[in-house]
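Worksheet: the structure to be examined is printed underneath.
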Amino acid sequence: MTAKKASTAVGRAPWILVGPFLLLFLLTFVLPIIVAIGQSFTTVTRAGLFGEQGVTTGFAWFENYRIALEDGNFVASIWRMLLFGVVQVPVMIVAATVLALLLESASARWPGFFRATYFLPYGIPGVIATILWSFLYVPGLSPIIDLTETLFGFTPDFLGAGTVLWSIANIVTWTYAGYNMLIIVAQLKAIPPEMYEAARVDGAGPWRTAWSIQLPLIRPALVLTTVFSIIGTLQLFAEPQLLMSVSPAIDSQYTPNLSAYTTAFAYNDYNVAAAQSVLIALVAFALSFLFLRLTNRSSR
Amino acid sequence: MTAAVSTALQRTDPTDVPAATPGGRRRRPATTILVTGILAVVAIYFLVPVYWVVVAASKTTDDLFGTNGFWFGNSFALFDNLAAVLTYGNGVFIRWFANSVLYAGVGGLIATYLAAAGGYALAKYQFRGRNLIFGLVLGGVLVPGTATALPLFLLFSQLGLANTYWSVLIPSLVSPFGFFLCRIYADATVDTSLVEAARIDGAGELRIFHTLGLRIMTPALVTVFLFQIVGIWNNYFLPLVMLSDQDLYPITLGLNNWNSQTDRLPEFYELTTGGVLLSVIPLAVAMIVLQRFWRGGLTEGAVKA
């Protein structure tokens with residue numbers, strides 16, 4: 001093999017290796033995003049009563065965005081998700097952190113068993129988790145409601161207008177707390193033993209060690225899990241969609257994603273649905289970015 | 001970052017390193033009881049729904065509504081219920097299950113291979129457009145999956161791919177997160193001098209990747225594969241948007257279909273609880289067995305961010 005031939009082979013190789021991935025990535029990520037943005041700026045006008053005289057498309061400027069943002073239910077669904085996130089994400093991350101610290105403390109017995117148990121729900125699809133929990137929420141079927149009735153004479157309403165959001169929060173927390181815990185545990189294990197050694201020599205107790213050594217060092221894991229949770233919150237779909245059939249408090253625009261789905265498939269208005277999808281992604285980006293900025297600033 | 005990765009790599013099984021626990025000091029019995037007690041109570045929370053479905057799947061519909069949900073009923077109908085699940089509609093449940101295995105298995109395998117090849121190429125070659133590709137894919141990690149599902153449906157409709165196996169399979173072949181992880185891992189572990197040595201021995205570039213690269217990257221590939229499998233298996237929005245033919249449904253869509261019929265036809269309660277039980281068992285076993293493999297890769301992803 002001559003030197004020239006070898007160098008062209010080296011030049012070609014990365015493209016052969018990355019090519020298939022890149023092609024599929026362009027097809028399934030980049031192209032849909034371009035299509036969505038294009039659709040969101042397009043308007044479809046149907047001539048005649050049922051569009052029988054042909055369909056014309058035109059550039060709509062921000063018309064679809066105006067329609068999306070003037071839809072009070074859609075905007076309300078975004079606010080609802082913000083409220084949900086402000087409560088559910090911190091509760092879940094704090095719970096995951098506490099569980100991880102307890103599991104990694106010398107005081108825990110059978111840490112392997114508990115870790116596997118907490119992680120188990122992550123393998124259960126959101127749809128199936130929701131079916132499971134909905135059976136525990138529905139009056140007449142729920143043993144939890146039976147239990148509180150006999151013990152305290154109190155009938156909780158898990159599916160009412162004021163409570164169903166938190167019943168959904170419970171399902172989400174149940175599914176993802178163990179997964180987030182595992183990410184934190186992985187980072188806790190990466191802390192070099194000498195750090196603990198030094199803390200002990202300095203006379204730090206378990207609280208002090210957790211606060212001054214472990215928490216600062218697992219910070220990247222906490223930031224990562226929080227950002228993924230924020231993105232996940234704005235995508236909420238399966239849980240409310242399934243609970244709709246048992247809870248009258250959930251309408252077809254309860255979450256932003258449900259709203260976009262309804263607009264697309266119930267109203268067949270793909271252009272406004274595209275605008276809604278773009279808005280959801282933008283809000284997710286903005287919140288992730290804001291959070292990363294805040295955490296970066298406070299670390300300096 | 002690189003230092004953290006190599007620490008994680010050196011320690012093959014960090015669980016059993018006692019010095020890694022913050023204590024190292026003697027256990028105090030009172031604290032042990034308290035901590036283990038708290039962990040046990042939390043474990044009950046995570047297990048209650050699973051326990052409930054085991055009990056519920058053993059009941060007839062009458063018992064399901066008439067007896068205490070946390071204990072077995074008067075009848076023991078578990079095997080009748082499971083038989084009903086497996087035979088209903090000419091064994092459509094088995095078909096859904098097989099579809100899920102197909103989507104997750106094939107999707108997971110190919111996605112892992114493509115992510116490995118791409119990540120390796122970016123880590124081990126200097127070429128034009130390399131940073132652009134990396135930036136683009138990194139952006140892809142943060143794009144909400146559901147945001148692309150709707151436009152993807154419009155695109156696939158025009159290509160005549162909507163409502164086919166391909167419509168769910170093709171998007172499952174791409175894992176931006178896996179690509180990202182493979183690049184970091186290949187950067188840290190695949191030694192450039194080793195690649196050079198193989199070149200001098202006359203090995204072709206693709207052969208070096210397949211024999212050397214893939215073998216060294218195996219721990220990261222296991223993580224990527226598991227992530228992708230769970231991601232595809234749990235996906236609901238994409239198949240919901242894409243598929244209308246029940247024969248193509250994955251298990252999530254199928255069970256949702258049964259569940260939505262319970263308010264009109266109560267016998268679907270037995271089918272739904274039995275079906276949920278059957279679909280949870282393999283996943284629960286897989287999670288418990290595979291839980292050990294998740295650690296290494298997760299650290300790297302976490303440390304980088």
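Here are the numbers:
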read-out: Filter result (within 24 Å of residue B:166 (Cβ to Cβ) and buried (at least 21 other Cβ atoms within 10 Å of the Cβ)) within segment B:254-278; value: B:254, B:255, B:256
read-out: Verdict on residue A:190 being more than 14 Å from the chain's Cα centre (by Cα) and more than 18 Å from residue A:90 (Cβ to Cβ); value: yes
read-out: Scan of segment B:231-257 for residues that are within 20 Å of residue B:57 (Cβ to Cβ) and more than 9 Å from chain A (Cβ to nearest Cβ), ordered by number; value: B:254, B:257
read-out: Checking residue A:124 against (1) of a type in the set (A, V, I, L, M, F, W, C); (2) open to solvent by 50 Å² or more (accessible area, probe 1.4 Å); (3) within 30 Å of residue B:72 (Cα to Cα), the condition it does not meet; value: (2)
read-out: Helices (runs of 4 or more DSSP H) wholly inside segment A:149-235 containing at least 1 residues that are closer than 23 Å to residue B:177 by Cα; value: A:164-189, A:219-234
read-out: Exclusive hit being open to solvent by less than 60 Å² (accessible area, probe 1.4 Å), among the hydroxyl-bearing types (Ser, Thr, Tyr), under 19 Å from residue B:277 (Cα atoms) and modelled with pLDDT of 85 or more, set A:97, A:130; value: A:130
read-out: Count of segment A:255-300 residues which are more than 13 Å from residue A:39 (Cβ to Cβ), modelled with pLDDT of 85 or more, assigned to a helix (DSSP H, G or I) and among the hydroxyl-bearing types (Ser, Thr, Tyr); value: 3
read-out: Residue check, residue B:138 open to solvent by 40 Å² or more (accessible area, probe 1.4 Å), in a helix (DSSP H, G or I) and free of Cβ contacts under 8 Å to residues at least 24 places away in the same chain; value: no
read-out: Per-region count, segment B:202-211, residues more than 12 Å from residue B:116 (Cβ to Cβ), part of a helix (DSSP H, G or I) and not acidic (Asp, Glu); value: 4
read-out: Output for segment B:45-87, where each listed residue is buried (at least 19 other Cβ atoms within 10 Å of the Cβ), modelled with pLDDT under 80, of a type in the set (A, V, I, L, M, F, W, C) and not in a helix (DSSP H, G or I); value: B:77
read-out: Cβ pairs under 7 Å, 6+ apart, first in segment A:150-173 and of a type in the set (Asp, Glu), second assigned to a loop (DSSP other than H, G, I, E, B) and surrounded by fewer than 21 Cβ atoms within 10 Å (Cβ to Cβ); value: A:157/A:163
read-out: Options A:118, A:122: the member that is modelled with pLDDT of 85 or more and either within 15 Å of residue B:280 (Cβ to Cβ) or more than 7 Å from chain B (Cβ to nearest Cβ) (or both); value: A:122
read-out: Residue within segment B:110-128 that is open to solvent by less than 60 Å² (accessible area, probe 1.4 Å), more than 10 Å from every other protein chain (Cβ to nearest Cβ) and not in a helix (DSSP H, G or I) present; value: no
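Conditions tested, residue by residue: (1) open to solvent by 10 Å² or more (accessible area, probe 1.4 Å); (2) more than 10 Å from chain B (Cβ to nearest Cβ); (3) over 17 Å from residue A:64 (Cα atoms); (4) within 16 Å of the chain's Cα centre (by Cα).
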site: A:238; (1), (2), (3), (4): yes, no, yes, yes
site: A:243; (1), (2), (3), (4): no, yes, yes, no
site: A:252; (1), (2), (3), (4): yes, yes, yes, no
site: A:264; (1), (2), (3), (4): no, no, no, no
site: A:270; (1), (2), (3), (4): yes, no, no, no
site: A:281; (1), (2), (3), (4): yes, no, no, yes
site: A:291; (1), (2), (3), (4): yes, yes, yes, yes
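The values are calculated or read from the model by the stated rules, or taken from the named source; none is laboratory data. It should be emphasised that the depicted structure is a prediction, and the values quoted were computed from it without experimental measurement. Glycine also receives a Cβ, built like all others from the backbone with ideal geometry; neighbour counts cover every protein chain displayed. Protein only, heavy atoms only, side chains kept; ligands, DNA and RNA dropped before computing areas. Shrake-Rupley method; radii C 1.70, N 1.55, O 1.52, S 1.80 Å.
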